[in-house]
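The values are calculated or read from the model by the stated rules, or taken from the named source; none is laboratory data. Being a predicted model, the structure only gives us computed values, none of them experimental. Glycine gets a Cβ as well: all are built from the backbone with ideal geometry, and neighbour counts include every protein chain shown. Accessible surface areas use protein heavy atoms only, side chains included; no ligands, DNA or RNA. Shrake-Rupley method; radii C 1.70, N 1.55, O 1.52, S 1.80 Å.
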Amino acid sequence: MKYLFVVLFLMTYILGHAQDSFRFKEELEAIQKKYDSLWDPSERTVVFTGSSSVRIWKDLEQRFPHYQIVNSGFGGSQASDLLTHVDDLVLKYNPTKVFIYEGDNDISANKKPNAIIDTTKEIIDKIKKKDSTTQIVLISAKPSIARWNLKGKYKRLNRKFNRLSKKDDYLEFADVWTPMLDGRKVKTDIFIKDGLHMNAKGYELWHGVLKAYMD
């Protein structure tokens, strides 16, 4: 009976991870197809990756016209998904700098901040193993209307991101949380109808923060 339980547990674990690895298959293939024709390996590259707040930043490349930008954001992703696909989404482009936005969906999925940090460390380690001089910018979790009830957990996660960034000269923390607030409340005019994803005004705030980390 004990042996059967172990076998069933292992099968569930393996199948679950297999499903996770194929969950973003079409989106990942679309990203790779796009940059197979656009990416110039002879130029310095800055990768923006993470969940849908990065993926749907439509004018990201135009915001930073003097850099070769790869936007490998994939909607609905969590830090564990980025870890699974970091080779195809980040490392293959040999970036000099990587901006990472994960943690938003993780908190919504009831993952603990410490677990998210542990996974983020694994992502950082993989990037550093490829090139120890790669600069990494952790973008804070953003506040939103749709998930404002989780603000306490997001704030704890952001404090942990900030502390993590102080342990490495090549690691930085970009605070997009604060400029998206109006006093103690989240600004309401920077989101589309779902109350989660940002409109052009929201991305203007992000650009104002992130441009300082480009050089």
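Key figures for this structure:
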read-out: Residue in region 41-52 that is within 22 Å of the chain's Cα centre (by Cα), open to solvent by less than 70 Å² (accessible area, probe 1.4 Å) and at pLDDT below 95 present; value: no
read-out: Residues of region 74-96 that turn out to be in a helix (DSSP H, G or I), of a type in the set (F, W, Y) and under 13 Å from the mean Cα position of the chain (by Cα), as a count; value: 0
read-out: Single unsatisfied condition, D106 versus (1) in contact (Cβ under 8 Å) with a residue 12 or more places away in the chain; (2) farther than 21 Å from K153 by Cα; value: (2)
read-out: Tabulated pairs, region 198-215, first free of Cβ contacts under 8 Å to residues at least 60 places away in the same chain and under 21 Å from R147 (Cβ atoms), second assigned to a helix (DSSP H, G or I) and among the basic types (K, R), C-beta under 7 angstrom, 6+ apart or interchain; value: none
read-out: Within region 143-198, considering residues that are closer than 13 Å to S53 by Cβ and among the charged types (D, E, K, R), the one surrounded by the most Cβ atoms within 10 Å (Cβ to Cβ); value: R147
